[in-house]
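Each remark here refers to the structure printed beneath this line.
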Amino acid sequence: MGQTNYAAINYSCKDKSEILKLDILFENKFFSFSFSHLHLYNEGMLFNFTPLNIHHNYYIFGRKPWDYDNGALVTLCSRCHQKRHQQTKIPLYTSDRQLICSALPVCDRCNGTGYLPQYRYFMGGICFKCHGEGVYGYDESRFHPNI
């Protein structure tokens, strides 16, 4: 059975008093934060969000990264995503689930994240070497007849 997670942000300004309320339900735990006197804070003081990556447990040749079932995906922070790629082999399958490669090589440019934060201003920071996939280097001509 799936879990419902949500976040709600409410902002109100009454009588020169700004109030920001953040409610989060995550993994059956409820968190509520309330901030007032917002003019005394800058954005970095209020929130520090960790960017998240989507890890693919396997790849299917020719499938776009967003065309996978949720069961094939895991949400990880960038550091944990790199660690997962270092510790786990990522297989590549054909569309009819035939194994092509049991362990795709991890991209040595982005360490498997598919993202280069220092280039976030260009194409959203997608890694130039692996095109955002986190892995590369398989010989497509071995299993794709039109190449």
Next on the checklist: For region 41-65, give me each residue that is modelled with pLDDT under 80 and within 16 Å of TYR93 (Cα to Cα).
Outcome noted: PRO65
Next on the checklist: Considering only residues that are under 16 Å from LEU104 (Cβ atoms) and surrounded by fewer than 16 Cβ atoms within 10 Å (Cβ to Cβ), which ones fall in region 75-90?
Outcome noted: GLN86, GLN87, THR88, LYS89
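The values are calculated or read from the model by the stated rules, or taken from the named source; none is laboratory data. Keep in mind it's a predicted model, so treat the numbers as computed, not measured. Cβ atoms come from the backbone with ideal geometry, glycine included; neighbour counts cover every protein chain shown.
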